[in-house]
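**Student:** The structure's right below; bear with me while I get my questions together.
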Amino acid sequence: METILIVDDEKNYRVVLEALLGSEGYETITAENADEALRQVRKADLDLVITDMKMGGMSGMQLLEESKKIKPDLPVIMMTAYGTIEMAVEAMKKHAYDYITKPFKNEELKLTIKKALENYRLVKENRLLSEALTDRYRYGNIIGKSKSMQKIYDMINKVAQSKASVMITGASGTGKELIAKAIHYNSTRKDRPFISINCGALTETLLESEMFGHERGAFTGAVAMRKGRFELADGGTLFLDEVSEMSPPLQVKLLRVLQEMEFERVGGTRSIRVDVRILSASNKDMKEEVEKGLFRDDLFFRLNVIHIEVPPLKQRSEDIHLLVNHFIEKYKREKNRKDMTLSPEAWKVIYNYHWPGNIRELENIIERAVVLNSSGIIGIEDLPEDILGRKEDLDVDRFVPLNAPLQATLEQIEEKMIRRALAKCGNVQSHAAQMIGITRSLFQHKMKKYNIVI
Ligand SMILES: Nc1ncnc2c1ncn2[C@@H]1O[C@H](COP(=O)(O)OP(=O)(O)OP(=O)(O)O)[C@@H](O)[C@H]1O
Ligand SMILES: [Mg+2]
């Protein structure tokens with residue numbers, strides 16, 4: 001039960017408020033002056049203070065200030081007589097939760113109290129969670145306490161000590177590289193290099209020479225001998241990022257090198273032996289790539305001795321709190337800002353958003369908010385437009401039925417989308433088609449299918 005402290009030097013108000021709030025199911029404590037109220041703030045487990053502004057002795061304003069010193073988060077609602085609105089504004093500046101004017105309407109008071117309590121509950125939950133941000137949930141700098149992350153920590157632990165190849169798959173920004181590093185830094189190879197190479201970023205020839213190095217004069221521009229990443233990683237770990245992007249000829253070559261751990265630099269004849277542990281990552285479904293014939297199955301089996309699948313952020317929303325707090329801390333420190341928290345509205349947006357860019361996107365958004373914010377409370381105005389407005393995407397989880405026939409349900413949704421797009425675009429088919437991202441002819445085809453006539 002929530003406990004509300006009522007502070008007023010007029011007995012009548014105390015009695016009325018006690019009765020009103022009691023009937024709403026709250027526990028009430030009363031104080032007839034600010035000194036007594038402060039004693040209660042100190043010792044009782046309160047959820048809300050509601051105080052008169054003008055009182056004999058210490059004023060409500062002073063009580064507000066003192067109470068904020070003792071319990072900064074405890075919400076305080078001010079009651080002011082009509083005509084002292086400047087004081088109410090002053091109180092808001094001093095972080096009163098809200099004010100109401102006397103005489104008040106019961107409904108208005110009840111609503112204000114309800115909102116204040118809800119807000120306080122959220123603030124408390126946040127605090128508990130940030131306190132839980134201990135080493136227990138950390139693996140190096142990987143944050144997350146969800147079941148799926150705990151499974152990943154176990155895997156990291158188990159595989160770190162072996163030399164087995166590990167393939168890490170998951171959507172963009174889910175932390176694949178971070179996990180690869182954790183494997184390396186928890187292994188006996190940790191004092192040797194961790195070298196990564198992005199297989200998607202280079203042309204085939206460049207990638208080959210990046211991987212295996214080249215001799216002087218091997219090709220135009222090769223003015224000096226250069227060691228490749230395989231050599232640089234000797235004794236350590238080589239991380240093949242975006243491994244699915246490797247061309248078929250290079251896949252053949254890599255397979256051979258992995259079998260023998262021996263290769264020549266481009267343009268060279270001497271074979272070089274290395275001891276390298278291979279980790280790889282992809283945001284594609286590698287099995288599917290193999291089935292489609294885009295990735296060699298023999299190479300896949302070599303790389304995929306152990307498989308770690310990193311789930312998208314949306315599927316581990318228990319981690320969102322920890323991650324947000326972690327990134328606030330990180331960027332607050334980096335940018336020399338004071339303490340910051342998120343407003344309940346901002347939390348709501350963050351929880352409901354679908355996070356297609358996963359943790360990278362979350363990190364960017366928090367960094368941006370820390371830069372933009374000056375009040376110490378990050379609100380929705382500090383969040384980018386596009387994460388605020390995407391209602392349709394947000395609610396998918398909620399409105400998709402659990403056990404309806406798939407095809408019929410999809411068709412129902414499709415028909416609705418087409419009708420709504422038309423309505424929204426004044427029946428201009430080309431615009432409507434564009435709005436939902438299909439061609440005009442496909443749009444017309446579907447209109448026919450659903451007997452939509454305009
Ligand atoms: N669990 C986590 N805890 C803390 N930070 C994380 C976590 N996961 C990812 N990050 C951060 O998010 C960003 C993206 O992570 P990372 O580069 O590892 O993702 P990725 O899966 O390799 O993405 P991509 O497929 O786009 O290469 C990095 O800045 C990383 O530090
Ligand atoms: Mg990556």
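The values are calculated or read from the model by the stated rules, or taken from the named source; none is laboratory data. Owing to the predicted nature of the structure, the values given are computational and were not obtained by experimental measurement. Neighbour counts are summed over all protein chains in view; Cβ atoms, including those assigned to glycine, are modelled from backbone coordinates with ideal geometry. Note: accessible area is taken over every heavy atom of the protein model, side chains too, but ligands, DNA and RNA are not part of it. Shrake-Rupley method; radii C 1.70, N 1.55, O 1.52, S 1.80 Å.
**Student:** In the range 249-258, is there at least one residue being modelled with pLDDT under 95 and within 16 Å of ligand 2 (Cβ to nearest atom)?
**Tutor:** No; the residues of the range 249-258 include none that is modelled with pLDDT under 95 and within 16 Å of ligand 2 (Cβ to nearest atom).
**Student:** Hey, which of the helices (runs of 4 or more DSSP H) in the range 262-357, taking only ones fully inside, have at least 1 residues that are within 16 Å of ligand 2 (Cβ to nearest atom), under 22 Å from PHE212 (Cβ atoms) and at pLDDT 95 or above?
**Tutor:** Here the list reads 297-303.
**Student:** Conditions first: (1) in contact with a His (Cβ under 7 Å, 6 or more places away or on another chain); (2) under 30 Å from GLY357 (Cα atoms); (3) aliphatic (A, V, I, L, M). MET246 passes all but one, so which condition is the exception?
**Tutor:** All conditions are met except number (1).
**Student:** Only one of (1) within 36 Å of the chain's Cα centre (by Cα); (2) surrounded by 21 or more Cβ atoms within 10 Å (Cβ to Cβ); (3) more than 20 Å from VAL16 (Cα to Cα) fails for LEU63. Which number is that?
**Tutor:** (1)
**Student:** Can I ask one more? Going by the conditions given, is ALA281 surrounded by 20 or more Cβ atoms within 10 Å (Cβ to Cβ) and closer than 20 Å to THR174 by Cα?
**Tutor:** Numbers: surrounded by 20 or more Cβ atoms within 10 Å (Cβ to Cβ): yes; closer than 20 Å to THR174 by Cα: yes.
Taking the combined requirement at face value, the residue satisfies it.
**Student:** Could you check the range 226-272 and list, in sequence order, the residues that are closer than 22 Å to TYR185 by Cα and of a type in the set (Phe, Trp, Tyr)?
**Tutor:** PHE230, PHE239
**Student:** Which of the numbered conditions does ASP339 fail, given that it passes all the others? Conditions: (1) open to solvent by less than 50 Å² (accessible area, probe 1.4 Å); (2) away from ligand 1 (no atom under 16 Å from the Cβ).
**Tutor:** Condition (1) is where ASP339 drops out.
**Student:** Let me ask something else. Residue check: is GLU125 open to solvent by 30 Å² or more (accessible area, probe 1.4 Å), modelled with pLDDT under 90 and assigned to a helix (DSSP H, G or I)? Give the derivation first.
**Tutor:** Numbers: open to solvent by 30 Å² or more (accessible area, probe 1.4 Å): yes; modelled with pLDDT under 90: yes; assigned to a helix (DSSP H, G or I): yes.
Spelling it out, GLU125 is indeed open to solvent by 30 Å² or more (accessible area, probe 1.4 Å), modelled with pLDDT under 90 and assigned to a helix (DSSP H, G or I).
**Student:** Please enumerate the residues belonging to the range 194-232 that are away from ligand 2 (no atom under 16 Å from the Cβ), at pLDDT 90 or above and either assigned to a loop (DSSP other than H, G, I, E, B) or of a type in the set (Phe, Trp, Tyr) (or both).
**Tutor:** PHE212, GLY228, PHE230
**Student:** Which members of the range 170-190 meet the condition of being surrounded by fewer than 22 Cβ atoms within 10 Å (Cβ to Cβ), within 11 Å of ligand 2 (Cβ to nearest atom) and outside any loop (DSSP other than H, G, I, E, B)?
**Tutor:** Within the range 170-190, GLY170, GLU177, LEU178, LYS181 qualify.
**Student:** A further question on this structure: From the set of residues in the range 300-322 that are of a type in the set (A, V, I, L, M, F, W, C) and crowded, with 20+ Cβ neighbours inside 10 Å, which is farthest from ligand 1 (Cβ to nearest atom)? Walk me through it before giving the result.
**Tutor:** Of the residues in the range 300-322, the ones of a type in the set (A, V, I, L, M, F, W, C) are 300-301, 303, 305-306, 308, 310, 313, 320, 322.
From what's left, crowded, with 20+ Cβ neighbours inside 10 Å: 303, 308, 310, 313, 320, 322.
On the way: LEU303: 16, ILE308: 11, VAL310: 7, LEU313: 8, ILE320: 11, LEU322: 8 Å.
Here the answer is LEU303.
**Student:** Taking the range 437-449, which residues are open to solvent by less than 50 Å² (accessible area, probe 1.4 Å) and either modelled with pLDDT under 85 or of a type in the set (Lys, Arg) (or both)?
**Tutor:** Of everything in the range 437-449, just one residue is open to solvent by less than 50 Å² (accessible area, probe 1.4 Å) and either modelled with pLDDT under 85 or of a type in the set (Lys, Arg) (or both), namely LYS446.
**Student:** Follow-up question, since we're still on this one. Sort out which residues of the range 233-261 are open to solvent by 10 Å² or more (accessible area, probe 1.4 Å) and part of a helix (DSSP H, G or I), and write them in order of number.
**Tutor:** SER244, GLU245, PRO248, PRO249, VAL252, LYS253, LEU255, ARG256, LEU258, GLN259, GLU260
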